[in-house]
Structure formats: structure tokens, C-alpha cells
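Engineer: Please read through the structure below; I'll follow up with questions.
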Amino acid sequence: VGIFYNGDEITEKNAEWLAQLVNERHVRNWRKIERFVEAMREFHNMEETDDLPHADIEADENDGVGDYDGVNQSLDGMTNYNNNSKSKSKLPIRSYDVVGDVAVLNSLPENFSEQSIQQLGETILSRNKGIKICLARTTSLSTTDRSPGSSGLVQIAGPKRAQFITSHYEYGVKCVVDLSHTFFSPRMAPERLRLSQQVARGERVLVVFAGVGMEALQIVARTEAREVFAIEKNEVAVECLRRAKRMLERNKTVTCPGGGKGAMERLHIVEGDALDILPTFECGSFDRIVAPRPKEGSSDGDLGTGDAGTAFLSAMLPLLKLKGEVHWYDFAADHELPTCERTRETVQRVCDKCGLDMEVIRVAKVGSVAKRQLRICMDFRITGINKT
């Protein structure tokens, strides 16, 4: 720090900031080295073992993987033979997602023939009669709408389908999912249930980045919210939400007053870019905002160079009533938990800019997007207006 200090206050602050940045990177690098050393030790122990483990595909109960209508799926004790080896080998995947009647693998197994991959898919289908087809993703979710695209999914088992569209049940509420052109994660089901349990009678709720609309559908079907507005710019996802809204009317499991028809009437779908639509709402008109924003590629997260969603926060916060709450979704590395100071500072900075006081209610991990990269949710409340 002394190298940068010449008695000038600005230079001193810059030096403190640089020292903090270097120290954070230093700690992070040492953690990476420790993880690498531990992995090498495990690899060495494996080499000394004569028999490789035969553990194959299993649904990770902690992640909610393989969840079909609330039931965890697993493939215990299955073995597979790699074409390039005469001995039994560990299967290339451990988990899969189930959306409606479709099982989805996150990637195609490497070094496996087409026949072996088809056998893998058929084994998954045989273990759950509710699953009709098995797909594998061949591209990363790097687009703005986080969808695989027309050529991003391949079918490996089950009757051929021209389009990968399915209906997915979650706690008695149905949504429509186009797996090729929309993003949907069944692993977020417990989080969506938690959100609906926070909504009080008579609240006016705004759901930004609604996608196929399961958050909005759960809230409108399970609570006594006065109105729920869902904003989404992906036209395919909007059409899926409109179809799900029509199905609400016939849903007899809806618990809100007025049943399915009442829920349908209270749900309003708005198609378009959130930054264009948010300014059209009246200031102070919502009691709660749910913002499950998508990851903005490599520019998002702990090492990203993006704005961490501050443009959306700046547009949303003026719409909240006093004591209104926001469920803000961000992305963090594992070392940032449990405090997630970077996310806290981002929210605090935008609140200060808007002249609002806030308090953090809860910060928690709600999922993962990559190895050691997590999706988190920060619940915070607007407590007052900062007139200074």
C-alpha cells in the first residue's frame, strides 16, 4: 500500500482498493490450489485401487434432480460397458432433469457410441413409466434467453417427436414448456413454492423475467394476491404462459378464491423488454417484485464485467410501495457465501441512488449454474425514503 501512498486522499483510497482486490484474488487462488491438491490425492488413491467403482446414474436428492411431479428419480446399481473398453466403467453422468414427461441430460456422454447412448436413454425410460422420451443437450445455455435453440437438443430414446414441448406439473399447477426455445429448471420448484408462501392477501405482485411463468402461476393459483403481472420478452415463452393461463380455468386444485377462473382473471401477461415496460407502470404500485433474472453469460457473476443487473434494479425499485419486498436473484461463487457481500453492495448502491433505505431479510443459495457457481436469492425490503 505504501508504494501508492503520497499523502493524497484519492490516491490512498485507490491504494486501499487495489490492496483489497489483490488480497481477495490471493485467497481465491489458494483455495483453488487446495482443491487441486485434494483432487490429485483422490486420483492417486484411485490408481492404487484394482476395481473401479460401479456407481452409475443417480438423482442427487439435495439438488432435486430427476424430479417428476415431486418424486425423486434414481438409477441405482446400473452398470455400463464402454465401447472402447472390455471392462466395466463408471457411467459419464450422475443426474438428469425431468420436465413433464421428458428426461433431459445436460450433455451427451463422451466416447460412447450411438448405441450405448440410446441404451442409456432407454434405461432411464424403463425406470419411470411417466417419462416418455429422453433428450440430451448439445449446446451451452449462452444466449440471452438461456435456451438450447432449435439444434441444441437431440433425442436419444423414446418415440420421435417433431417438437420438444411438454406440460409440467409442480405442486398441482401446470405450465407449458418448449424445451428448445425457453429456459425452465424443475430444480427451482422448492424456491417457487417458498415465494408463493411469502405473498399476503391483497398484494399486487410483479414478476419480471417470467419465462414460461411458473413463478407467476404458483402465486396466482396458491395465494389471494389481488393482481399478478408477468413480464417476458421471449415470444415463445410468452405463448407457453398464455396456454398455461388458459389451463388454469380447468384446474380444480387451485386453492385461491374464485378457483381456476378467478386465478386466470387476476394474471396479466405483458410481452416485451423489461426496461421498456417497467417505466410504464405507476410508481409505488406494487407490494412485491419477483426478479429471477437470467445469467448474462460470462459478464455476470463474481468475475464478470457486467452491471450485475443494476439497470433492471434501477427501473424496478421506484415501482415498490413503502415496506414493499423484492426477491432479487443473482449469481455468486461458492466462496462468496453466506454473506454475498458483492450482491449486497450492488443492491445498496442502487437503493442509495434511488433515495431509498432498505434492509436485507434473507440471502440463500437456490441452485447452481456451473461448478462452484451458484444462483442465489436476496430478499430485501424497502424501509423508507432517504431524503438526504
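The values are calculated or read from the model by the stated rules, or taken from the named source; none is laboratory data. What you see is a predicted model; the values in this text were computed from it and never measured. No Cβ is skipped: glycine too gets one built from the backbone with ideal geometry, and neighbour counts run over all protein chains shown. Quick note on the areas: whole protein, heavy atoms, side chains included, nothing else; ligands and nucleic acids left out. Shrake-Rupley method; radii C 1.70, N 1.55, O 1.52, S 1.80 Å.
Engineer: Tell me which residues come under 5 Å, amide H to amide H, from Leu374 once H is placed; ignore anything under 5 positions away on its chain.
Structural biologist: Ala332, Ala333, Asp334, Val369
Engineer: For Phe112, which sequence-distant residues (separation of 5 or more, or a different chain) have an amide H within less than 5 Å of its own amide H, given hydrogens modelled in the peptide plane?
Structural biologist: none
Engineer: Cα extents of segment 96-178 along the three principal axes, largest first, in whole Å?
Structural biologist: Rounded to whole Å, the extents work out to 38, 33, 21 Å.
Engineer: When the solvent-accessible surface of protein heavy atoms is calculated with a 1.4 angstrom probe, in what order do Glu336, Glu235 fall, highest first? It would help to have the intermediate numbers written out before the result.
Structural biologist: Numbers: Glu336 25, Glu235 130 Å².
Ranking Glu336, Glu235 by accessible area, largest first, yields Glu235, Glu336.
Engineer: Hey, another quick one. Which length gain, in nm to one decimal place, applies between Ala19 and Lys252 when the Cα-Cα distance is subtracted from 0.36 nm times their residue separation? Present the calculation step by step, with values, prior to reporting the outcome.
Structural biologist: Values: separation 233, 0.36 × 233 = 83.88 nm, distance 6.04 nm.
Contour length minus the Cα-Cα distance gives 77.8 nm.
Engineer: Students sometimes get this wrong: rank Trp30, Trp328 by accessible area, probe 1.4 Å, all chains present, largest first. Can you show the working numbers first?
Structural biologist: Details: Trp30 130, Trp328 0 Å².
Ranked list, largest accessible area first: Trp30, Trp328.
Engineer: Let me ask something additional. Highest mean first, how do 250-257, 349-356 rank when packing is the count of other Cβ atoms within 10 Å averaged over residues? Mind dumping the intermediate values first?
Structural biologist: Values: 250-257: 14.0, 349-356: 16.5.
Put in order of decreasing packing, that is 349-356, 250-257.
Engineer: Quick one: accessible surface of Met264, probe radius 1.4 Å, all protein chains present, in square angstrom to the nearest 10.
Structural biologist: My reading of the accessible area for Met264 is about 40 Å².
Engineer: Can I ask one more? Tell me the label-point distance for the pair Ala200, Val236, using the 7 Å Cα-to-Cβ offset, in nm and rounded to one decimal.
Structural biologist: 4.0
Engineer: For a label point 7 Å from the Cα of Val154 along Cα→C-beta, name the residues of segment 179-195 whose backbone N is under 20 Å from it.
Structural biologist: Zone members listed by number: 179-181.
Engineer: Could you pull the accessible area for Thr346 with a 1.4 Å probe, rounded to 10 Å²?
Structural biologist: Accessible area, nearest 10 Å²: 10 Å².
Engineer: Write down the radius of gyration of segment 97-234 and its Dmax, each obtained from C-alpha positions, in Å.
Structural biologist: 17.0, 57
Engineer: Leaving ligands, DNA and RNA out of it, work out the accessible area of Glu16 with a 1.4 Å probe and give it in Å² to the nearest 10.
Structural biologist: 100
Engineer: In nm, what is the difference between 0.36 nm times the number of residues separating Lys129 and Tyr171 and their Cα-Cα distance?
Structural biologist: On the way: separation 42, 0.36 × 42 = 15.12 nm, distance 1.96 nm.
Full extension from Lys129 to Tyr171 adds 13.2 nm.
Engineer: Another question, then. Can you give me the long-range amide H partners of Leu153? Hydrogens built in the peptide plane at 1.01 Å from N, cutoff under 5 Å, separation of 5 or more residues or another chain.
Structural biologist: HN-HN under 5 Å from Leu153: Thr138.
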